[in-house]
1. If you take every DSSP beta bridge fully contained in the chain, what fraction is antiparallel? Give it as a percent rounded to 5.
2. Based on the Cα atoms of the chain, what semi-axes does the equivalent ellipsoid have, where each is the square root of 5 times one gyration tensor eigenvalue, given in whole Å with the largest first?
3. What part of the accessible area of region 246-425, given as a whole %, is carbon or sulfur when the probe is 1.4 angstrom?
4. Using the heavy atoms of the protein chains and a 1.4 angstrom probe, tell me the accessible area per residue for the chain in square angstrom.
5. Would you mind counting up the charge near H168? Only other residues with Cβ under 10 Å from its Cβ, with Lys and Arg at +1 and Asp and Glu at -1.
6. ³J(HN,Hα) across region 97-108 via Karplus (A = 6.51, B = -1.76, C = 1.60, θ = phi - 60°), whole Hz, x for Gly/Pro?
7. Short version: ³J(HN,Hα) in whole Hz for each residue of region 375-390, in order, from phi by Karplus 6.51 cos²θ - 1.76 cosθ + 1.60 (θ = phi - 60°), x for Gly and Pro, what are they?
8. Among 209-220, 396-407, how do they line up from the highest to the lowest mean number of other beta-carbon atoms within 10 Å?
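The values are calculated or read from the model by the stated rules, or taken from the named source; none is laboratory data. All of these numbers come straight from a predicted model, not from anything done at the bench. Backbone-built Cβ (ideal geometry, glycine too); neighbour counts: all protein chains shown. Protein only, heavy atoms only, side chains kept; ligands, DNA and RNA dropped before computing areas. Shrake-Rupley method; radii C 1.70, N 1.55, O 1.52, S 1.80 Å.
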Amino acid sequence: MLRLVSLKLGRLYRYAKLAVLGSLAAALVLNTHSLLASLQRNELSERRFLQLNKCPACWGTSWCRKFLNGQLRLESWGRLRLLDFLNVKNVFFARYGEPREGSRRVVLKRLGSAQELADIDAKICRRATGRGRCDLLQALHATEFASLNGDVRLLTPDAVEGWSDLVHCPSQRLLDRLVRRYAETKDSGSFLLRNLKDAERMQLLITLAFNPEPLVLQSFPSDEGWPFAKYLGACGRMVAVNYVGEELWSYFNAPWEKRVDLAWQLMEIAEQLTNNDFEFALYLLDVSFDNFAVGPRDGKVIIVDAENVLVADKRLIRQNKPENWDVWYESKFDDCDKEACLSFSKEILCARVTVDHNYYAVCQNLLSRHATWRGTSGGLLHDPPAAIAKDGRLEALLDECANPKKRYGRFQAARELREYLARLSNNVR
């Protein structure tokens, strides 16, 4: 009976697969003319495709000359709008060419799905008019984004607190950093909000409110050693970042030595974001294999999705001394039945100086046996060599890091795990 059921399900799956393929083939035939046209033209030089008409309700204009001059072209299948339904995240791969440098690969992001971008317009309209549809550019002038006009000297915490994860608990020091390093202005370097042009200020605030990823990349740049993809520029609602390499997931079954090195780098990233000389703690609230990539040449692990990063200013916490501010905080293990689960309190992340969240996130969602992704389990360090498995030290450290059994066990396990992985991968500091 069970065999009969499985055979029927198998046939149904094959029929469904054939039906989908047949539908795609029919669509391709029926739309041959439009497909050929889309392959021939460069949509990245079209203002409508870039949604440049939405500005200043957009991400920026610093790269518009490059886009409109045809220096960027979508790669292969990325030119087929018929396949957009498969690209839910609105992430595109393109070639960017400079006359003297040749071409290189870049990643283009709309920073949201089509529905999410439509929701941005609707939210702006509702804030201004109470209705879901309106003249977007007119509505902007009746929102809080316009209230922070040229007469306002500084971007202050009380004006933007809670707008997004990045500014869930902002300090003045953080906001000055965001404004000073804002890359969508020609006169960057000043922390004074009033030094930005009206359109630039509006773009900064809208980015901060709806998807602050570009501001994270700008404020904590890769050129200074931060583990994020390099921000290049924006045009309308399209942002360009440097292409890093294949996502971490593609290394899930890489040779053991490679996986050990990647695991060590991930733990080093967790440490750097938690403890650094700038005294900003950057907590990763969304940790999965898709959010990291690996450089093909240097093998370096880089964060490629920085939308959900909460920044806590440790100097401010020490200054204000909220309740239990100096008590070490241990994140609670989340044994849920979904992928990439994390348990955290934003309020606590904002109020404690010593927090183990990043170690917990990396160990639970990427490295340990508790990590599940795309139907797999066992984490990046699955199936260790027999000698290491027999020794048991690696498994014990991973278990304690993901789900500690003793008080402050994760802090100690994370430190020992970094040292242990460093020895295994010959990355002795």
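1. Antiparallel bridges: around 95 percent, rounded to the nearest 5.
2. Values: eigenvalues 262, 215, 88 Å².
Values for the chain, descending: 36, 33, 21 Å.
3. In region 246-425, the share of accessible area belonging to carbon and sulfur is 46 percent.
4. Computed with neighbouring chains in place, this is 50 Å² per residue.
5. Once positives and negatives cancel, what remains is -2.
6. For region 97-108, the Karplus-derived couplings read x, 10, x, 9, 9, x, 10, 9, 7, 9, 10, 10 Hz, x marking Gly and Pro.
7. x, 9, 9, x, x, 5, 9, 5, 6, x, x, 4, 5, 6, 5, 5
8. 209-220, 396-407
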